[in-house]
Amino acid sequence: MHDLPEFRAPVRYRPEIVVALSELGVVPLPTTQPRIAYSFLRALYTFEIRERKARRRELQAFFGPQPIADYERQIEVLRAKYWLLRVRLRDWVGV
């Protein structure tokens, strides 16, 4: 698991991080610790992954085996969408 450090409030998120978070529906306040925003983002990502897996199972139950390439492509799209999860939290905040 990632080391999720605490930062002093008010937290100054970098502008590009604020934009990326807001595109995903996450709007942190200056009092919101980055670890909380990260955990929420991670939960959203996990939810979307599970949704894709469930959909794949439904399709397989109805139509039989489905090509794995379609599922893998969907997962790659999600990884690109949630690129912030690969950024260290200390890089989320300005100096």
Legend entry - Unique match (being touching a Gly at 6+ places or on another chain (Cβ under 8 Å) and over 13 Å from L84 (Cα atoms)) among R12, R52, R56: R12
Inset, instruction - Output the qualifying pairs, or none if there are none: Cβ atoms under 7 angstrom, residues six or more apart or on different chains, first residue in the range 58-84 and without any contact (Cβ under 8 Å) to a residue 24 or more places away in the chain, second residue not in a helix (DSSP H, G or I). - result: L59/Q66; Q60/Q66
Inset, instruction - Return yes when L85 is modelled with pLDDT of 95 or more, in a helix (DSSP H, G or I) and surrounded by 11 or more Cβ atoms within 10 Å (Cβ to Cβ) and no when it is not. - result: yes
Legend entry - Given (1) in a helix (DSSP H, G or I); (2) out of contact with any Asp or Glu (no Cβ under 7 Å at 6 or more places or on another chain); (3) more than 24 Å from R8 (Cβ to Cβ), index of the condition I36 fails: (3)
Inset, instruction - Considering only residues that are surrounded by fewer than 11 Cβ atoms within 10 Å (Cβ to Cβ) and part of a helix (DSSP H, G or I), look in the range 59-72 and name the one that is nearest to the chain's Cα centre (by Cα). - result: E72
Legend entry - Residue pairs meeting the criteria (Cβ under 7 Å; at least 6 apart or on separate chains; first buried (at least 17 other Cβ atoms within 10 Å of the Cβ), in the range 22-40; second acidic (D, E)): Q33/E6
Inset, instruction - Tell me, please, whether a residue that is modelled with pLDDT under 95, of a type in the set (D, E) and on the phi < 0 side of the Ramachandran plot can be found in the range 70-81. - result: yes
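The values are calculated or read from the model by the stated rules, or taken from the named source; none is laboratory data. This structure is a prediction, so every number in the text was calculated from the model and none was measured. Ideal geometry is used to build each Cβ from the backbone, glycine not excepted, and the neighbour counts take in all protein chains shown.
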